[in-house]
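S.K.: Sharing a structure with you now.
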Amino acid sequence: ACPSLYHISKAKMAEELQKKYPHLRVMKSNRQIKCLQTIIRDKNTPREDFIFYADRLIRLLIEEGLDCLPFSEQTVITPTQSEYCGTAFATEICGVSIVRAGESMEAGLRAVCKHIKIGKILIQRDEETAAPKLLYAKLPSDISQRYVLLLDPMLATGGSVKKAIEVLLDRGVPEDKIVFINLIAAPEGVHNLMTSYPGVTVVTCEVDACLDARKYIIPGIGDFGDRYFGTDN
C-alpha cells in the first residue's frame, strides 16, 4: 500500500514537490490531458490506440519541455509591414533517449524540432548488484555545447535516469543544461533524482501516488515500452 502521505490529492502533492524542488515542472492538467492519460492507462486500450494517444501526450509534453530553454527577444516584420516583438530560441539543443522506452518519444521531438540530433543511451540493471549499468552510448560529438532533452516516459526509482545523467556529465554537459522529460513520475523517483542532481530540470505530465513493493508506479501504466512496441505478450 502507498504511504499515507500520498493519499492527498495529486494536485496538492505536485504543488508540494515543486515547492521543494524548484527545477521540477509538472505540466498543468486540463480535461484533454486527463482524457489522454485515462486512455493510455486503461489496461484494455488496444496497442494502436495506446500509441496514437501516447504520441499526442508526448508531443504536448515536449512542447512544455522546450519552454524551459533559454529564449532571446526578436522583432520581425509582418506582411502588414508592422513590427512584431517576439522571441527566438537562444541555444543549440539535442535529444537523448534512454533505450528502449525513451525511443517512443523521439518522433514527438522530431515533429516539433526539425533536423534535431538525437543520441541514445542503453542502461541495464546488473543482475548481481541490481545497480544500473551502462551498456551503450552514442551521443552527438558536440553535446557538451548543447542543451540536452533527456527522454524516458517513466520515472520510477530514478536509477536509470541518474546513470544517464552521469554519462552526460562525463561527456561535459553541465547539469543545468539537462532537461529530463517524462510522462509519469513516482514521488520516490523525483526525490532520488532531484536530491542527487538538483540542477537538472525535470518536466513531467503527472506525479503518481507511489511505488509498490516491486518498484512499479501506482496507479501507473504498466510497462510503457512493452505496450508501445508490442512486446507485452
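S.K.: Working with all protein chains in place, sort Phe89, Phe180 by solvent-accessible area computed with a 1.4 Å probe, largest first.
M.R.: Greatest to least solvent exposure: Phe89, Phe180.
S.K.: Let me cross-check Glu188: its accessible surface, 1.4 Å probe, with only protein heavy atoms counted, in Å² to the nearest 10?
M.R.: Surface open to solvent at Glu188 totals about 60 Å².
S.K.: Another question, then. Of Lys120/Lys215; Lys28/Lys163; Lys138/Lys177; Lys20/Lys162, which pairs sit farther than 26 Å apart, going by alpha carbon to alpha carbon?
M.R.: Cα-Cα > 26 Å for Lys28/Lys163; rest within.
S.K.: I would also like to ask the following. For Glu48 and Thr91, FRET efficiency with R0 = 35 Å and r from the beta-carbon atoms, rounded to 0.05?
M.R.: 0.40
S.K.: Here is a further query. Evaluate the charge dipole of segment 59-188 about its Cα centre and quote only its size in Debye, nearest 20, assuming +1 on the Cβ of each Lys and Arg and -1 on the Cβ of each Asp and Glu.
M.R.: 440 debye
S.K.: Under a 1.4 Å probe, what is the accessible area of segment 190-233 per residue, stated in Å²?
M.R.: Accessible area per residue: 44 Å².
S.K.: Shifting gears a bit: Between [x] 6, 23, 26, 18, 11, 8, 5, 1, 0; [y] 7, 32, 36, 18, 5, 1, 0; [z] 6, 16, 19, 15, 13, 9, 7, 5, 5, 4, 1, 0, which matches P(r) over Cα pairs in 10 Å bins from 0, in percent calculated for the structure shown?
M.R.: [y]
S.K.: Express as a percent, rounded to the nearest 5, the fraction of DSSP beta bridges in the chain (both residues included) that run antiparallel.
M.R.: 40 percent
S.K.: So between Asp232 and Lys117, what do we pick up on full extension, going 0.36 nm a residue minus the alpha carbon distance?
M.R.: Between Asp232 and Lys117, full extension yields an extra 38.4 nm.
S.K.: Along Cα→Cβ, 7 Å out, is where each label goes; now give me the distance between the ones at Asp223 and Leu69 in nm to one decimal.
M.R.: 3.3 nm
S.K.: What is the distance, in nm, between label points placed 7 Å from the Cα along the Cα-to-Cβ direction at Arg31 and at Asp142?
M.R.: It works out to 4.7 nm between the two label points.
S.K.: Using a 1.4 Å probe and counting only protein heavy atoms, arrange Lys177, Lys19 so the residue with the most accessible area comes first.
M.R.: Lys19, Lys177
S.K.: Keeping the other protein chains in place, figure out the carbon and sulfur percent of the accessible area of the chain, with a 1.4 Å probe.
M.R.: Roughly 50 percent, rounded to a whole number.
S.K.: Express in Å², to the nearest 10, the accessible area of Glu206 obtained by rolling a 1.4 Å probe over the protein heavy atoms while all chains stay in place.
M.R.: Rounded to the nearest 10, that gives 20 Å².
S.K.: Out of every Cα-Cα pair in segment 47-167, what percent are more than 19 Å apart?
M.R.: Taking all Cα-Cα pairs of segment 47-167, the fraction more than 19 Å apart is 57 percent.
S.K.: Here is a follow-up. Helix-only mean residue ellipticity at 222 nm, the chain, DSSP H runs n ≥ 4 weighted -39,500 (n - 2.57), per residue, nearest 500. What is it?
M.R.: Per the formula, -10000 deg cm²/dmol.
The values are calculated or read from the model by the stated rules, or taken from the named source; none is laboratory data. Note that the structure is a prediction, hence the values are computed from the model and not measured. Cβ: placed from backbone, ideal geometry, glycine included. Neighbour counts: every protein chain shown. The area values use the complete protein model at the heavy-atom level, side chains included, leaving out ligands, DNA and RNA. Shrake-Rupley method; radii C 1.70, N 1.55, O 1.52, S 1.80 Å.
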